[in-house]
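Before any comments, here is the structure.
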Amino acid sequence: QVQLVESGGGLVPPGGSLRLSCAASGSISRSSAMGWYRQAPGKQRELVAVITSGGMTNYGDSVKGRFTISRDNAKNTVYLQMNSLKPEDTAVYYCKMIWSSITSYWGQGTQVTVSS
């Protein structure tokens, strides 16, 4: 069982930046991919960004050009740098480890609130 712990969330004004971290108890280099998802109140959970073991990245349309996902295999940590934040980015952000086609793990989530 892999444990994922997110950190770095908080309250930030519009236009501000935050960096989220996701620390894994196991080796992220052995996973297929790592991703960030978010869920706003009353909405479905949606993809924010994903990075494969080979370093390929993919982003949700609403965050392209503003968010950057990266990984540090030595630290078993994945990051999400969020710039130019908007009120509509407010959500609980979840880290996901895609271990295989049938196995994945989720973190507990971290709240991001964008408000003046």
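Below are the figures for this structure:
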quantity: Segment 89-116, subset small (Gly, Ala, Ser) and closer than 15 Å to Val48 by Cα, residue surrounded by the fewest Cβ atoms within 10 Å (Cβ to Cβ); calculated: Gly109
quantity: Close pairs (8 angstrom Cβ cut-off, 6 or more residues apart or separate chains): among the aromatic types (Phe, Trp, Tyr) in segment 56-71, surrounded by 13 or more Cβ atoms within 10 Å (Cβ to Cβ) and assigned to a loop (DSSP other than H, G, I, E, B) anywhere; calculated: Phe67/Asn83
quantity: Tally of residues being surrounded by 21 or more Cβ atoms within 10 Å (Cβ to Cβ) and either part of a loop (DSSP other than H, G, I, E, B) or in contact with a Ser or Thr (Cβ under 8 Å, 6 or more places away or on another chain) (or both) across segment 25-41; calculated: 2
quantity: Of the criteria (1) crowded, with 17+ Cβ neighbours inside 10 Å; (2) β-branched (Val, Ile, Thr); (3) at pLDDT 95 or above, which one Val5 fails; calculated: (1)
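The values are calculated or read from the model by the stated rules, or taken from the named source; none is laboratory data. Model, not experiment: these values are computed from the prediction. Positions of Cβ are backbone-derived with ideal geometry, glycine not excepted, and every protein chain shown enters the neighbour counts.
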